[in-house]
Each structure stands twice: as C-alpha cells, then as structure tokens.
Amino acid sequence: LTSLGIEKLYTHQAEAIDSIRRGENVVVVTSTASGKTLCYNIPVIESLMSNPSCKSLYIFPTKALAQDQLKNLNTITSGIFGEGVVAHTYDGDTPQHRRKRVRMSSSILLTNPDMLHYSILPNHIKWAHFFGNLKYIVIDEIHIYKGVFGSNTAQVIRRLNRIANYYGSTPQYICCSATISNPIELAEKLTCQKMKLINN
C-alpha cells in the first residue's frame with residue numbers, strides 16, 4: 001500500500017477491514033471514488049498471505065468493470081506475491097482453450113452473473129476445488145441489481161450459496177455500492193445473508 005502512495009486508510013475502509021476480519025458480511029456504501037475497492041482487496045490479499053489455497057470470487061455487473069478491477073488487483077498483488085497469486089477474468093470473451101487453466105489456477109476469479117449462470121454453476125463439478133476453498137464472495141456495484149436483473153441475480157446467488165455449501169465452504173460476503181437509500185435490505189435480499197452496513 002505504501003508503494004502505491006497509500007499511507008492511511010479512510011474510516012470506512014478501516015471499519016470494513018476490521019469487520020471482515022471478524023467474519024462479518026458487510027455492505028460498504030460510500031460515494032464514488034472513495035476507495036471501496038480496498039475494502040475487499042486488502043482482506044482477500046491478507047487471507048492469501050496466510051493461506052495460499054483460499055479462493056475469492058468477484059462478481060461485477062459488466063465485463064468492462066471486471067477488466068478494470070483485474071488491472072488494479074494485479075498492480076497490488078504483483079508487488080507482494082510476484083506470480084504466486086493468480087487473478088483471472090472468466091467471461092464470454094475468455095477463449096475456450098484458456099478456460100481450464102483459469103479454472104485450475106485462479107486464486108481470485110472475476111466474473112459476472114450471466115457467466116455464473118450459464119457456465120460456472122452448471123459445471124460445478126469441474127470447479128469443485130475452487131468452491132471447496134471459497135472464502136470470499138465480493139459483489140460490487142450492488143445498486144445495479146434491481147428489477148428483473150436484480151431478481152434473476154438473486155436466484156443465481158442462491159444457487160451459488162447451495163453449491164458452495166455442498167463443497168464444504170461458507171463464504172463471507174463483501175458488497176459495495178454507491179449511495180442508495182436501502183443498502184441493508186438490498187444486500188440481504190441479494191445474498192440471503194445478515195449484513196453489516198458501513199457508510200461513514
């Protein structure tokens with residue numbers, strides 16, 4: 001973090017990281033460009049430092065957001081792990097010949113609800129190792145999950161929970177959003193988990 005010019009955390013970042021370390025599911029709701037990404041990247045990276053077999057799933061509503069976050073994530077992890085932590089996107093643009101390698105080698109997988117529904121969850125047997133070691137599920141931009149898209153995504157997340165449990169993991173949720181009026185209600189309906197709100 002120091003090498004990136006970050007010497008102090010904002011209060012919402014510190015509170016989120018402390019809550020996640022205690023095992024709580026959190027929803028972070030602060031203004032745009034307030035550093036919400038660090039709220040989940042820091043705990044995820046910490047978990048990998050203590051247990052390299054940990055897996056994390058990042059869900060973004062669009063492929064473009066996932067690609068942007070992959071660049072940021074690689075900037076942080078390359079300075080810590082070198083090639084030791086592998087983060088990949090897995091979406092409709094991922095070539096077929098690369099998909100097995102992504103599935104087998106990813107410590108952090110960045111994807112979207114459609115890819116979860118059409119490719120990952122129906123083939124969960126191939127993802128058994130990933131689901132069995134799944135520690136964190138990050139859902140960014142949750143304010144986008146409303147209406148029909150939101151209700152469909154909520155059903156996909158229910159399937160995701162069942163499959164993770166089937167393989168012996170109970171992942172912790174970290175949700176982030178721009179400022180909205182009902183973050184707890186939305187995050188809890190989306191994930192079926194009790195959430196802690198962090199909005200200061």
Within region 154-170, restricting attention to residues that are open to solvent by less than 10 Å² (accessible area, probe 1.4 Å) and of a type outside the set (Gly, Ala, Ser), which residue is nearest to residue 129 (Cα to Cα)?
-> 160
Of the residues that make up region 30-51, is at least one part of a loop (DSSP other than H, G, I, E, B) and touching a Gly at 6+ places or on another chain (Cβ under 9 Å)?
-> no
Does region 94-107 contain at least one residue that is part of a helix (DSSP H, G or I), more than 25 Å from residue 150 (Cβ to Cβ), among the β-branched types (Val, Ile, Thr) and touching a helix residue (DSSP H, G or I) at 6+ places or on another chain (Cβ under 8 Å)?
-> no
Of all residues in region 173-200, how many are at pLDDT 95 or above and of a type in the set (Gly, Ala, Ser)?
-> 1
Scan region 102-151 for residues that are of a type in the set (A, V, I, L, M), in contact with a strand residue (DSSP E or B) (Cβ under 9 Å, 6 or more places away or on another chain) and open to solvent by 60 Å² or more (accessible area, probe 1.4 Å) and jot them down.
-> 144
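The values are calculated or read from the model by the stated rules, or taken from the named source; none is laboratory data. All of these numbers come straight from a predicted model, not from anything done at the bench. Heads up, the Cβs are rebuilt from the backbone with ideal geometry, glycines too, and the neighbour counts pull from every protein chain shown. For accessibility, only protein heavy atoms count, side chains too; no ligands or nucleic acids. Shrake-Rupley method; radii C 1.70, N 1.55, O 1.52, S 1.80 Å.
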